[in-house]
1. Among the residues of segment 131-151, what is the count of those that are crowded, with 20+ Cβ neighbours inside 10 Å and part of a strand (DSSP E or B)?
2. Quick one: in segment 70-101, of everything that is among the β-branched types (Val, Ile, Thr) and modelled with pLDDT under 95, which residue is nearest to Ala31 (Cα to Cα)?
3. Got a sec? Which of Leu162, Leu154, Leu177 is outside the structural domain of Asp233 (by TED's automatic domain parsing) and either acidic (Asp, Glu) or in a helix (DSSP H, G or I) (or both)?
4. I'd like to check something: does segment 234-247 contain any residue that is surrounded by fewer than 17 Cβ atoms within 10 Å (Cβ to Cβ) and either among the charged types (D, E, K, R) or over 18 Å from the mean Cα position of the chain (by Cα) (or both)?
5. Hey, could you check segment 204-227 for residues that are surrounded by 19 or more Cβ atoms within 10 Å (Cβ to Cβ) and in contact (Cβ under 8 Å) with a residue 40 or more places away in the chain and say which is nearest to Met125 (Cα to Cα)?
6. Sort through Leu267, Leu259, Leu288, Leu251 and tell me the only one that's in contact with a Leu (Cβ under 7 Å, 6 or more places away or on another chain), within 29 Å of Ala73 (Cβ to Cβ) and among the hydrophobic types (A, V, I, L, M, F, W, C).
7. Please work out which residue is surrounded by the fewest Cβ atoms within 10 Å (Cβ to Cβ), limiting yourself to segment 255-298 and to residues that are under 20 Å from the mean Cα position of the chain (by Cα) and of a type in the set (Lys, Arg).
8. Just to check your reading of the model, which residue among Ser159, Ser197 is surrounded by 17 or more Cβ atoms within 10 Å (Cβ to Cβ) and over 23 Å from Ser238 (Cα atoms)?
Amino acid sequence: MPPLKIAFVGVGRMGANMARRLKDRGHMLAALYDVHMPAASALAGELGVPHAAALADVTAAADVIFTVVTDDAAQLAVFGSEGDSLLTGAAGKIFINCATLTPRIHVEIAQRTRAVGAASLEACMASSIPQARNGTLYLMCAGDRAIFDRVQPLLADLSNALRYIGVSGQAAQVKALVNMVMNINTGALAEGLGLGSALGLDMDMLREVFAQTGAASQVLKTDGEDMQNRAHDCYFSSTHAAKDSTIAWVLGCEAGLHLPLSAATKLQYDRLVAIGRGGLDKSAIAELTFKGRSDSNKPG
């Protein structure tokens, strides 16, 4: 069997590093596309890969197309029913969709691809930029099990923790819950460290105690020192945290559940975006809780 020809739609920090990883592993990259054309052009030059000017050209060039876009609207746009679309000439193609979207959008894309004789698979990522580059993503997949089995060797070059979840939409549900809990933990850590700072406690000591007690968390490892030092270089943006918290909160509402911690976390990230800090890492939620950093940390 000839090697699969791979393409990427969406080559921001995650998509670009995934493409670099697959190139390093010897996969045949056939096309790169991004609505921000300079990003795709620059990466195409770096990797020696064609830069596609249209979505239909991407589909024509590849057997497997990864989409790594920003949100529901962007995902629906690239799979449009008219105009330039990945669905043009898509019979027999496989689409692997990696963005964090509402579950219903993944289901909708599965239906659209199936209608033209193509297939799609969710490959939701619970990792960040370094893991994309190193091939150590945690990938949660959903869709047709036969399609997952077919592309599993390809996905294994991107992931050291590859998991099949179930039917279309279910990986997106699990990803929403992962990010819901992660974002709640991030907000709680910001409040704990912010209060400790206001009390005059030594921050290094406090983080060490947290790490050795029930206050320990993965977020403490990744974000605690950054919150203390106001080092919010972006690995997972506050804008994305707000979006993902909203997805989870809406799922809770649809399920008839009252999720006050999820709602409060969503509101905090919404506030962070509203004051112009959405481009900072999710750790920047600490800017709302540490005394003196923002007007938003005043009671009331």
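1. 6
2. Here is the first cut: in segment 70-101, the ones among the β-branched types (Val, Ile, Thr) are 70, 78, 88, 94, 96, 100.
Among the residues that remain, those that are also modelled with pLDDT under 95 are: 70, 100.
On the way: Thr70: 19, Thr100: 23 Å.
Per the criteria, the residue is Thr70.
3. Details: Leu162 fails: either acidic (Asp, Glu) or in a helix (DSSP H, G or I) (or both); Leu177 fails: outside the structural domain of Asp233 (by TED's automatic domain parsing).
Leu154 is the lone residue from the list that is outside the structural domain of Asp233 (by TED's automatic domain parsing) and either acidic (Asp, Glu) or in a helix (DSSP H, G or I) (or both).
4. Taking every residue of segment 234-247 in turn, none turns out to be surrounded by fewer than 17 Cβ atoms within 10 Å (Cβ to Cβ) and either among the charged types (D, E, K, R) or over 18 Å from the mean Cα position of the chain (by Cα) (or both).
5. Taking segment 204-227 first, the residues surrounded by 19 or more Cβ atoms within 10 Å (Cβ to Cβ) are 206-207, 219-220, 223-224, 227.
If we keep only those that are in contact (Cβ under 8 Å) with a residue 40 or more places away in the chain too, we end up with 223, 227.
Values: Asp223: 19, Met227: 24 Å.
By that ranking, first place goes to Asp223.
6. Details: Leu267 fails: in contact with a Leu (Cβ under 7 Å, 6 or more places away or on another chain); Leu259 fails: in contact with a Leu (Cβ under 7 Å, 6 or more places away or on another chain); Leu251 fails: in contact with a Leu (Cβ under 7 Å, 6 or more places away or on another chain).
Leu288 is the lone residue from the list that is in contact with a Leu (Cβ under 7 Å, 6 or more places away or on another chain), within 29 Å of Ala73 (Cβ to Cβ) and among the hydrophobic types (A, V, I, L, M, F, W, C).
7. For segment 255-298, the residue satisfying everything is Arg277.
8. Details: Ser197 fails: over 23 Å from Ser238 (Cα atoms).
Going through Ser159, Ser197 in turn, just one is surrounded by 17 or more Cβ atoms within 10 Å (Cβ to Cβ) and over 23 Å from Ser238 (Cα atoms): Ser159.
The values are calculated or read from the model by the stated rules, or taken from the named source; none is laboratory data. These numbers come from a predicted model, not from an experiment. Note that each Cβ is placed from the backbone with ideal geometry, even for glycine, and that neighbours are counted across all protein chains shown.
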